[in-house]
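Chemist: My questions will all concern the structure given below.
The values are calculated or read from the model by the stated rules, or taken from the named source; none is laboratory data. The structure presented is a predicted model; accordingly, all values stated were derived computationally and were not measured. Here the Cβ is made from the backbone with ideal geometry for all residues, glycine too, and neighbour counts use every protein chain on show.
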Amino acid sequence: MTQETGGFAAFNLNPNILAAVIATGYEEPSAIQQQSIPIIMAGQDMIGQAQTGTGKTAAFALPILHCIDPAKREPQALILAPTRELALQVATAFETYAKQMPGVTVVAVYGGAPMGPQLKAIRNGAQIVVATPGRLCDHLRRDEKVLSTVNHLVLDEADEMLKLGFMDDLEVIFKALPATRQTVLFSATLPQSIRAIAERHLRDPQHVKIQTKTQTVTAIEQAHLLVHADQKTSAVLSLLEVEDFDALIMFVRTKQATLDLASALEAKGYKAAALNGDIAQNQRERVIESLKDGRLDIVVATDVAARGLDVPRITHVFNVDMPYDPESYVHRIGRTGRAGREGRALLLVTPRERRMLQVIERVTGQKVAEVRLPDAQAVLDARIKKLTNSLSPLVGDAESTHGDLLDRLTADIGCSPRALAAALLRKATNGQALTLDAIEKERPLVPNNAPRGDRPERTGDRPDRGDRERRAPVALAEGRARCRTALGARDGIAAKNLLGAILNEGGLAREAIGRIQVRDSFSLVELPEDGLEKLLTKLKDTRVAGKQLKLRRYRED
């Protein structure tokens, strides 16, 4: 079922919605939008198979808004998302498309924020509720009728929800919804678990599948660097020492990360700025213009904020945080290598993200070569080269214009010309010691990324389950605290279940959570030491696989 011509106007959407779409600059619907919008507007259940980055948010947001009755002050549509970040992104999209619909209200419901204001917004008549499953179940325990008026349900990235262990929560939510609702399910893949949900909860669904074409980016030199999550900033600063770039864009996942990294870069003397969804449009335009004309050299951005960013002088893209899908990766690195110019893309990969790297290589049809952090000698050579390049143009007539001043200063200070030159160099380098020892101390540690075949063979038998229960936890990284829960493998718990619960209810970025060790009768989780007690309070009522998490600081003997 397709929409042939006429752009978004051909869908006969509410004129206010159409005006908002046009205001965003979108002209032609994407493939998923062409096929999905008519089905959803007709009130039919649907299964959509499409990756992030294909325009699927608008594919369900536009027809659902068309069906909303602003006069009814009650929840009419529920969108479930696997993570806090995606929930906020979807809620923002709904607010954008509903800008010219007076009386339509959107509320985002997720962990890590106070429950009271969220429940109040729902009771006050927010028609669109965008939620993560865990937090929504918390609200249902307070008010089991909170979803009784919902007519439209969307499961966005359903496969990710199941990977994060939300199956039990989804079943609770399904039971709380009216049986007569419309249900739309979007998923990048359709494993048996997703098909089982569709069979139980969807009525004669229409199927829409968008084929993902193999994408190539042969004009761009690609490389990846294996690095610990908490060493990313140090790694970025080391890479910038040796990369010869004109302008550069760095991609991170969160708004806070754009501010933190831009601040770290500015502290090191780089002309950098953050670009995220909280930045006003006029300020965003100033940042882009500054990047174009050379007043800025580095922009740190989220995917959403970087939409439409086209600056020809960008020579490098740093993926500081791994993108959520291969299409986003291709879209990110496509910011460089334009107009026949060379481009270079670097991807920082944490040990747990190696599998996503393999997916990216498979989708793009290209191997992303591994690089190492520059060694101390390479950094030293790069710093001296930059200093040489900055001083060379000044040497020509310096003796004729400043020679007499040199003689006077050496006489007044009582030092040799060499000592004075050294002092001026110290000032020019902000006191930075250009020695191998000083640089070696600055370099971040990197994970052991030797191929399996290069590692020593294991000796002896593997420990049995009892030994695994008793073995000592591995050493903690600096700034981390180890916490314990009585839930373990015998409770049907896997590391991904704990990760999903803490991400959504704790409001943490994925890289903030360290090693998760699941034992038979308990599990250990590494969390940030800073703000730990506040985080544990947030997680107090969190449930995993239907059981209370009861996470506590682990005291080692």
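Chemist: Could you say which residue among D159, D169 is in contact with a Gly (Cβ under 9 Å, 6 or more places away or on another chain), assigned by TED's automatic domain parsing to the domain that holds V130 and in a helix (DSSP H, G or I)?
Modeler: Of D159, D169, the one residue that is in contact with a Gly (Cβ under 9 Å, 6 or more places away or on another chain), assigned by TED's automatic domain parsing to the domain that holds V130 and in a helix (DSSP H, G or I) is D169.
Chemist: Here's something else I'd like to know. Would you mention how many residues in segment 522-535 are under 25 Å from the mean Cα position of the chain (by Cα) and touching a residue at least 24 places away in the same chain (Cβ under 8 Å)?
Modeler: Residues in segment 522-535 being under 25 Å from the mean Cα position of the chain (by Cα) and touching a residue at least 24 places away in the same chain (Cβ under 8 Å): 9 in total.
Chemist: Follow-up. Quick check on E529: is it farther than 28 Å from R142 by Cβ, at pLDDT below 85 and not assigned by TED's automatic domain parsing to the domain that holds G111?
Modeler: The answer is no for E529.
Chemist: Here is a follow-up. Among the residues of segment 27-44 satisfying the criterion of being outside any helix (DSSP H, G or I) and surrounded by 15 or more Cβ atoms within 10 Å (Cβ to Cβ), which is modelled with the lowest pLDDT?
Modeler: S30
Chemist: Oh, and also: Which one is nearest to H224 (Cα to Cα), of the residues in segment 322-340 that are in contact with a Pro (Cβ under 7 Å, 6 or more places away or on another chain) and at pLDDT below 80?
Modeler: R338
Chemist: Please determine, by comparing only the residues of segment 536-557 that are assigned to a strand (DSSP E or B) and touching a residue at least 12 places away in the same chain (Cβ under 8 Å), which one is surrounded by the fewest Cβ atoms within 10 Å (Cβ to Cβ).
Modeler: Here is the first cut: in segment 536-557, the ones assigned to a strand (DSSP E or B) are 543-544, 547-548, 552-553.
Keeping just the survivors that are touching a residue at least 12 places away in the same chain (Cβ under 8 Å) gives 543-544, 547, 552-553.
Working: R543: 19, V544: 27, K547: 14, R552: 11, R553: 13.
Out of the qualifying residues, it is R552.
Chemist: Just a yes or no: is a residue in segment 266-277 modelled with pLDDT under 90 and among the hydroxyl-bearing types (S, T, Y)?
Modeler: Taking every residue of segment 266-277 in turn, none turns out to be modelled with pLDDT under 90 and among the hydroxyl-bearing types (S, T, Y).
Chemist: So, one more: Take D168 and decide whether it is of a type in the set (D, E, K, R) and within 25 Å of the chain's Cα centre (by Cα).
Modeler: Numbers: of a type in the set (D, E, K, R): yes; within 25 Å of the chain's Cα centre (by Cα): no.
No.
Chemist: Separate question: Looking at (1) crowded, with 19+ Cβ neighbours inside 10 Å; (2) over 27 Å from Q89 (Cα atoms), find the lone condition where E370 falls short.
Modeler: For E370, the exception is condition (1).
Chemist: Search segment 83-117 for residues being charged (D, E, K, R) and not in a loop (DSSP other than H, G, I, E, B), and hand back the single one that is farthest from T537 (Cα to Cα).
Modeler: So, considering only residues that are charged (D, E, K, R) and not in a loop (DSSP other than H, G, I, E, B), the one farthest from T537 (Cα to Cα) is E95.
Chemist: For Y324, only one of the following conditions fails: (1) of a type in the set (F, W, Y); (2) farther than 21 Å from A262 by Cβ; (3) out of contact with any Ser or Thr (no Cβ under 9 Å at 6 or more places or on another chain). What is its number?
Modeler: The failed condition is (3).
Chemist: From the list A158, A59, A108, A77, pick out the single residue that is out of contact with any strand residue (DSSP E or B) (no Cβ under 6 Å at 6 or more places or on another chain) and buried (at least 24 other Cβ atoms within 10 Å of the Cβ).
Modeler: On inspection, the qualifying residue turns out to be A59.
Chemist: Moving on. Given the condition among the hydroxyl-bearing types (S, T, Y) and over 23 Å from G125 (Cβ atoms), answer yes or no: does some residue in segment 191-207 qualify? Can you show your working first?
Modeler: First, the residues of segment 191-207 that are among the hydroxyl-bearing types (S, T, Y): 193.
Next, only the ones that are over 23 Å from G125 (Cβ atoms) stay: 193.
For segment 191-207, residues among the hydroxyl-bearing types (S, T, Y) and over 23 Å from G125 (Cβ atoms): present.
Chemist: May I ask you to list the residues in segment 278-290 that are modelled with pLDDT of 85 or more and under 21 Å from T254 (Cβ atoms)? Can you show your working first?
Modeler: Going through segment 278-290, the residues modelled with pLDDT of 85 or more turn out to be 283, 286-290.
Hits for segment 278-290 are Q283, V287, I288.
Chemist: A further question on this structure: Go through segment 181-213 and report how many residues are part of a loop (DSSP other than H, G, I, E, B), in contact (Cβ under 8 Å) with a residue 12 or more places away in the chain and not basic (K, R).
Modeler: Count: 9.
Chemist: Considering only residues that are surrounded by 21 or more Cβ atoms within 10 Å (Cβ to Cβ) and part of a strand (DSSP E or B), which ones fall in segment 227-248?
Modeler: Matches in segment 227-248: L248 only.
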